[in-house]
Amino acid sequence: MQLRYRYRIYPSAAQRTALARAFGCARTVFNDGLRVRSEAHAGGLPYISDGDLSKQIITQAKRRPERAWLGEVSAVVLQQALADLNCAYRNFFSSITGRRKGPKVSPPRLRSRKDSRQTIRFTRNAPFRITASGKLRLPKIGDMDVRWSRSLPSAPSSVTVIKDAAGRYFASFVVTTTDTPLSESPREVGIDLGLTHFAVLSDGRKIANPRFLRHAERRLSKARRALSRKTRGSANRRKAVTKVARAHVRVADARRDWAHKLSTQIIRDNQAVYVENLCVSGLGRTKLAKSVHDAGWSLFTAMLAYKAERYGRHFAKIDRWWPSSKLCGVCGALTKSLPLNVRSWKCPCGAVHDRDVNAAKNILAAGRADRSNACGDRVRPPLAEALVDETGSLRGASPTARTKVPALPCGEHVKTKRSAPRPPGVAPVPGPGSRWRRSSGG
């Protein structure tokens with residue numbers, strides 16, 4: 001499995017200038033490639049291949065005076081920027097043709113120097129390496145200090161340098177890890193995600209919603225008010241923008257760290273984990289949008305998915321239309337209506353249910369039912385069709401009295417003529433167009 005290991009880096013002032021130059025060159029190559037292909041499409045010309053575009057945008061552009069400064073950065077950075085453009089086009093074409101599943105992908109757009117996130121990527125073609133002193137050496141940038149929070153499991157295949165909105169720099173390494181399955185656990189759990197409680201487990205445990213954004217609203221509001229009083233284009237406004245970004249980054253980091261710890265604990269304790277396939281994008285357009293985005297359900301379920309694959313656990317999502325809350329976990333009765341303000345209800349069978357705990361138990365039961373048929377076979381076998389030698393048999397006739405009809409190749413038909421009139425008292429033989437029911441057994 002390929003994973004990303006991200007570390008904080010601390011470039012010097014000269015290295016920050018070199019990184020800014022590399023960010024600008026990569027952005028220019030991306031935008032130039034997008035402009036050339038857009039103009040070719042508007043002019044009715046054929047699609048420019050990746051190799052021809054690289055020659056035109058990088059190789060030939062360096063020889064022109066207006067693009068001579070592209071040679072000041074590593075060529076791998078420019079090639080990877082163009083590879084990102086080609087990948088964006090392939091994803092767009094696969095989306096509109098139906099080969100790519102999921103939401104539709106829009107065509108690539110121009111990159112801006114005002115984007116909150118700037119990135120460049122170095123591959124093995126570029127001689128980047130980690131020195132003996134623990135520094136990251138990048139071509140035409142130099143050796144940068146790295147905060148090694150953990151060791152790399154293997155040699156990285158590429159490294160991406162990231163600058164976020166708060167002005168922090170990170171190095172993201174792509175490494176190949178060996179899956180280390182955990183020991184078998186007899187426990188399985190179903191999880192019902194919500195807002196009152198972030199997660200309710202099928203064993204009755206309720207995990208409180210931390211609400212990181214809600215708790216930081218006062219600090220965020222103060223930073224935004226200070227930003228609104230600054231003059232546009234001034235240095236003080238740039239500092240205020242950075243303060244707002246740092247406040248948001250602090251919330252995002254806390255949410256991500258909390259989700260990592262919770263997902264790791266659940267994966268270690270349970271052999272199978274089942275959750276509901278929620279439509280977070282749809283819920284994000286309701287009046288509860290702020291609380292939905294603050295919860296971070298998609299982030300949490302994505303962590304559960306890749307950690308289950310890495311540690312040999314089973315993870316599955318059940319259908320979002322499954323009535324997990326309205327279904328009685330004891331007798332299976334379905335309640336007609338169950339508003340959101342009803343947190344507990346009583347079934348006609350006499351069972352009293354907590355809404356969230358009952359939903360988690362039903363999610364666990366539905367996940368187990370789907371997993372038992374995970375081999376791909378149909379749950380209910382199809383109706384048995386009559387074989388060739390069965391067609392035309394009399395109802396109740398013995399097997400020896402059936403007329404054996406030789407099988408015909410597919411698509412061929414045969415017409416038979418009656419040689420003699422049917423004797424009185426003999427029932428007609430049902431043909432393919434008969435209203436008789438076909439036999440389903442031998």
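The values are calculated or read from the model by the stated rules, or taken from the named source; none is laboratory data. Everything quoted here is computed from the prediction, not taken from an experiment. FYI the Cβ positions are ideal-geometry reconstructions off the backbone, even for glycines, and counts take in every protein chain you see. Only protein heavy atoms, including side chains, enter the accessible area calculation; ligands, DNA and RNA are left aside. Shrake-Rupley method; radii C 1.70, N 1.55, O 1.52, S 1.80 Å.
Computed with a 1.4 Å probe over protein heavy atoms only, the accessible surface of the stretch 193-302 comes to 57 Å² per residue.
For the listed residue pairs Lys261/Lys326; Lys55/Lys135; Lys114/Lys140; Lys239/Lys287, the alpha carbons are over 26 angstrom apart in Lys261/Lys326; Lys55/Lys135; Lys239/Lys287.
Rg/Rh, computed from the Cα trace of the stretch 155-223 with Rh as the Kirkwood radius, has the value 1.16. The 1.4 Å probe gives accessible areas that order Glu66, Glu188, Glu309, largest first, as Glu309, Glu66, Glu188.
Apolar share of the accessible surface for the stretch 161-303: 52 percent from carbon plus sulfur atoms, 1.4 Å probe. Peptides 324-336, 214-226 ordered by packing proxy, namely the average of other Cβ atoms within 10 Å per residue, highest first: 324-336, 214-226. In the frame of its principal axes, the stretch 285-356 has Cα extents of 44, 35, 18 Å, reported largest first. A straight chain from Asp203 to Ala83 at 0.36 nm per residue would run longer than the Cα-Cα distance by 38.4 nm.
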